[in-house]
Structure formats: structure tokens, C-alpha cells
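Have a look at the structure below, then the notes.
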Amino acid sequence: MCMHRDGAGSENFRRFRKIVRALHCPTRWLIIECLKDREMSTRELLDCLLEKEKVTMTALYYHLSELKNAGIVEISGYMEEKGGAPQKVWRLKLKKVEIPLVDDDEGDRS
């Protein structure tokens, strides 16, 4: 049995778990694919996803929230809509995920 202990490495483990949970869903990989080359408004993201799979705006917001909480995407600004609420503009915060297995002060054993 594996026992979790607080202390060295526990922050790395929490970060790893958060990222894995965010990336377990194929829809989230599609969102990342849509954002790989440019920023997009929520509406543009929905249109990009609808080319690949059926998704609702509510589902998109849920998936974006999970990716944002994991630090994978971020809001880069807002786009004004005529007569409507401003739309969030999204971008990739990470294009590569690196998870250290040990803290730097424990030595570098690549």
C-alpha cells in the first residue's frame, strides 16, 4: 500500500494530479488544439469545437474552467459584443507540461 506523506514532493503530486484530471477528457484536448496557434473568444472556441464534436456552451464553460484551474489556459482579455456582454478571450498558458519528481533542493537526477 502506498502511503501519502506531507512534505517533500507533495506539492508536485498535487500539481500532477490537477493536470492529469484536467487532461483526462478528449474535449479538453480539442480545446487545446483550437488554441494552439492563437487566442480565441468563447464563441470562436465553440465554433471550432462544433467542427469536431457536438458540445454546448455550458459544457464548454465547464471544460474551460477545469483547464483554467489546472493552469493550462487563461483569460487574456475580453471582446466587446454588440448589444451583449463582453466575451472572454482565451489563450494557452502552457504548451508543454513538466512535472518535477523531486524539489530542486533535493538534487537534480534527470
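The values are calculated or read from the model by the stated rules, or taken from the named source; none is laboratory data. This structure is a prediction, so every number in the text was calculated from the model and none was measured. Cβ placement follows ideal geometry from the backbone for every residue including glycine, while neighbour counts extend to all protein chains displayed.
Structure above, values below:
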| item | result |
| --- | --- |
| Looking only at the stretch 72-87, and only at residues there that are in contact with a helix residue (DSSP H, G or I) (Cβ under 9 Å, 6 or more places away or on another chain) and at pLDDT 95 or above, the one that is surrounded by the most Cβ atoms within 10 Å (Cβ to Cβ) | Val73 |
| Verdict on Glu66 being surrounded by 13 or more Cβ atoms within 10 Å (Cβ to Cβ) and without any contact (Cβ under 8 Å) to a residue 12 or more places away in the chain | no |
| Condition broken by Thr42, with the remaining ones in (1) touching a strand residue (DSSP E or B) at 6+ places or on another chain (Cβ under 8 Å); (2) exposed (fewer than 15 other Cβ atoms within 10 Å of the Cβ); (3) touching a residue at least 24 places away in the same chain (Cβ under 8 Å); (4) not hydrophobic (A, V, I, L, M, F, W, C) satisfied | (2) |
| Residue count for the stretch 43-77, restricted to those that are in contact with a Lys or Arg (Cβ under 8 Å, 6 or more places away or on another chain) and among the acidic types (Asp, Glu) | 2 |
| Residues satisfying the stated conditions in the stretch 88-110, i.e. surrounded by fewer than 11 Cβ atoms within 10 Å (Cβ to Cβ), charged (D, E, K, R) and modelled with pLDDT under 75 | Asp104, Asp105, Asp108, Arg109 |
| Selection within the stretch 47-58 - within 30 Å of Arg14 (Cα to Cα) and surrounded by 14 or more Cβ atoms within 10 Å (Cβ to Cβ) | Leu49, Val55 |
| Close pairs (7 angstrom Cβ cut-off, 6 or more residues apart or separate chains): without any contact (Cβ under 8 Å) to a residue 40 or more places away in the chain in the stretch 74-93, assigned to a loop (DSSP other than H, G, I, E, B) and surrounded by 11 or more Cβ atoms within 10 Å (Cβ to Cβ) anywhere | Glu74/Lys93; Ser76/Glu39; Tyr78/Pro86; Met79/Pro86; Glu80/Pro86; Lys93/Gly71; Lys93/Ile72 |
